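> I have a structure here, written as structure tokens, and I will follow up with some questions on it.
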Amino acid sequence: MSSITVRHLKFDFEQGKDFDPEVIQGEFEMACFMVGLSMILPYLEPYLMRHSLAGQKIVKDPVLRQDMRQFSEQQAQHCRQHALFNASVRKKYPQLEQLEKQVEADYQRFSKRGLKFNLAFAQGFESLSTAWAIFMWNSGMIRSMRGPFADIAAWHFLEEVEHRSVAHDAYRHLYGGYGYRLWVSLIAQSHLIAFMLACTRLMLHAERDQFQARGGWSARLTRIWNWTRLAARHLLPQLGKTYLPGDDPRKLAVPPALAGLAEKYNARADKLITSF
């Protein structure tokens with residue numbers, strides 16, 4: 001039985017209400033950055049699923065195949081829930097659609113580069129997303145989230161930690177090799193961050209009439225400095241470990257409170273799948 005649990009959940013996305021972009025209390029720039037992460041997922045998650053399913057056809061280890069299937073099923077749920085959330089974001093910021101079209105085309109282009117590239121790409125993304133989940137928890141940022149985004153983010157970060165070793169194991173099982181993995185990981189991570197920054201810039205521009213009300217340049221630079229400092233303390237050391245040849249995601253120190261969310265979301269789930 002896999003240790004990866006697929007949870008079918010319902011979230012209150014406050015349909016009909018105007019979207020409040022400050023999904024992290026008092027951290028508007030980081031809030032926009034996190035909304036950018038949500039906006040990419042309905043395109044990224046299907047891309048990860050396609051290549052996980054292709055990999056399952058040639059993976060010989062039955063335990064790994066099971067984990068890859070659970071991984072894909074979790075990604076399907078993430079895609080569905082973030083698409084529902086993003087609909088309210090898009091109503092407020094219709095300009096985001098152009099960025100979405102561009103990133104969808106990017107993933108179609110990446111898909112033509114072969115399974116080795118795409119599994120390495122998945123491994124690179126999962127390394128960053130797991131480190132990011134731990135950063136958001138250890139920095140305290142996740143406890144400042146509010147609204148429906150707080151709920152979906154906590155659930156998603158939990159599952160990122162649960163399936164943290166699958167993409168790594170699949171790539172190592174089928175291909176191995178350190179240099180290629182590192183190179184493609186950096187491509188995957190820079191692509192994700194570039195999209196999130198583009199969304200952030202667009203949202204900040206759309207909210208420019210609120211700039212002075214949020215404290216102007218002094219307050220903005222202070223906020224950016226504070227979470228840059230937190231990232232240097234809580235994100236970069238963990239992410240740096242993933243660039244080493246002997247990286248093993250199973251050795252990750254998981255915050256007990258984050259792991260404890262499993263009971264909460266298991267109890268809320270309409271359906272739980274622990275094996276197929």
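The values are calculated or read from the model by the stated rules, or taken from the named source; none is laboratory data. Since we're looking at a predicted model, the values are computed, not measured. Neighbour counts run over all protein chains shown; Cβ positions are idealised from the backbone, glycine included. Please note that ligands, DNA and RNA were not included when accessible areas were found on the heavy atoms of the full protein model with its side chains. Shrake-Rupley method; radii C 1.70, N 1.55, O 1.52, S 1.80 Å.
> Based on Cβ point charges of +1 for Lys and Arg and -1 for Asp and Glu, what charge dipole magnitude is obtained for the chain about its Cα centre, in debye rounded to the nearest 20? Don't jump to the answer; show the numbers that get you there.
Values: 35 positive and 27 negative charges, 104 e Å.
Computed about the Cα centre, the dipole is about 500 debye.
> Please report the spacing between the Cα centers of the range 1-71 and the range 106-138 in Å, no decimals.
Centre-to-centre (Cα) distance: 12 Å.
> Right, another one. Roughly how big is the range 155-239's charge dipole about its Cα centre, with Cβ charges of +1 (Lys, Arg) and -1 (Asp, Glu), in debye to the nearest 20?
400
> Here's a follow-up. Putting +1 on Lys and Arg Cβ atoms and -1 on Asp and Glu Cβ atoms, find which of PHE125, ALA269, HIS173 reaches farthest to the positive end of the dipole of the chain.
HIS173
> In square angstrom, what is the accessible area per residue of the chain with a 1.4 angstrom probe?
Result: 46 Å² per residue.
> Put +1 on the Cβ of each Lys and Arg and -1 on the Cβ of each Asp and Glu in the chain; which of MET136, GLN238, HIS82 then has its Cα farthest toward the positive end of the dipole?
Looking along the dipole axis, the top candidate is GLN238.
> PRE reach from LYS57 (point 7 Å along Cα→Cβ): which of the range 102-117 fall under 17 Å by backbone N?
Counting only backbone N, you get 111-117.
> Let me ask something additional. How would the range 52-209 be classified by its alpha-carbon gyration tensor: rounded, prolate or oblate, with rounded meaning a/c under 1.5 and the a/b versus b/c comparison settling the rest? Walk me through the numbers before you get to the answer.
Values: a/c = 1.92, a/b = 1.54, b/c = 1.25.
It comes out prolate by the Cα gyration axes.
> When the dipole is taken about the Cα centre of the range 1-119, and only Lys, Arg (+1) and Asp, Glu (-1) are charged at their Cβ, what size is it in debye, to the nearest 20? The partial results should precede the final answer.
Working: 17 positive and 15 negative charges, 175 e Å.
Dipole size: approximately 840 debye.
> Then there's this: Return P(r) of the range 1-139 (all Cα-Cα pairs; 10 Å bins starting at 0; whole %; ordered from short to long distances).
Distribution as computed: 10, 35, 36, 16, 3 percent.
> Same structure again: Would you mind telling me the share, in percent, of accessible area of the range 157-203 contributed by carbon and sulfur at probe 1.4 angstrom?
Working: 1120 of 1720 Å².
That fraction is 65 percent.
> If R₀ is 45 angstrom, what is the calculated FRET efficiency for the pair TYR178 and PHE211, using the beta carbon separation as r and rounding to 0.05?
Values: r = 45 Å, r/R0 = 1.00.
Calculated transfer efficiency: 0.50.
> Extension gain HIS8-GLN95, at 0.36 nm per residue separation less the Cα-Cα distance, in nm?
On the way: separation 87, 0.36 × 87 = 31.32 nm, distance 3.09 nm.
Result: 28.2 nm gained on full extension.
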